[in-house]
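Asks: Structure provided below as structure tokens; questions to follow.
The values are calculated or read from the model by the stated rules, or taken from the named source; none is laboratory data. Only a predicted model underlies this, so the values are computations on that prediction, with no experimental measurement involved. Ideal geometry is used to build each Cβ from the backbone, glycine not excepted, and the neighbour counts take in all protein chains shown.
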Amino acid sequence: MLELRDSSVDVSPAFRSSTGVSIISPEELAGPKGAVVPPLPAFRSFGETRAYMTPRYILSASDGAYRIFKFRSVQPRIEFPRTIEGWARAWHAFRALDSEVSSIAS
């Protein structure tokens, strides 16, 4: 799979993926690197191009919206508009949801 990137954008290695999916541990997501909103996903003509995953949640980006899904759950997805502000809100909600579950499990 070919992924075009802007070489001027410095992205943390924890958030790089050649497959379009970045797997993040709850500790990484809750830590300082997770506090920084990753660059906006680049969209191709074939739907979803980027997803971030923890053991509990998926944050995906498609041509219509940013969505958060909970693994093995019938809960409805949470959607955010496909804007710069929507991406930041989706990222912060993703972190907050995962940290809620992590703190309950501890």
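Asks: Would you please name the residue that is modelled with the lowest pLDDT, looking only at residues in the range 23-73 that are of a type in the set (F, W, Y) and within 15 Å of A93 (Cβ to Cβ)?
Replies: Y52
Asks: Between a residue in the range 62-83 that is surrounded by fewer than 12 Cβ atoms within 10 Å (Cβ to Cβ) and any residue that is of a type in the set (S, T, Y) and not in a strand (DSSP E or B), which pairs come within a Cβ distance under 9 Å, given they are 6 or more apart or on different chains?
Replies: F71/T54
Asks: Which condition does A96 not pass, out of (1) of a type outside the set (F, W, Y); (2) modelled with pLDDT of 85 or more; (3) surrounded by 14 or more Cβ atoms within 10 Å (Cβ to Cβ), if it passes all the others?
Replies: It is condition (3) that A96 fails.
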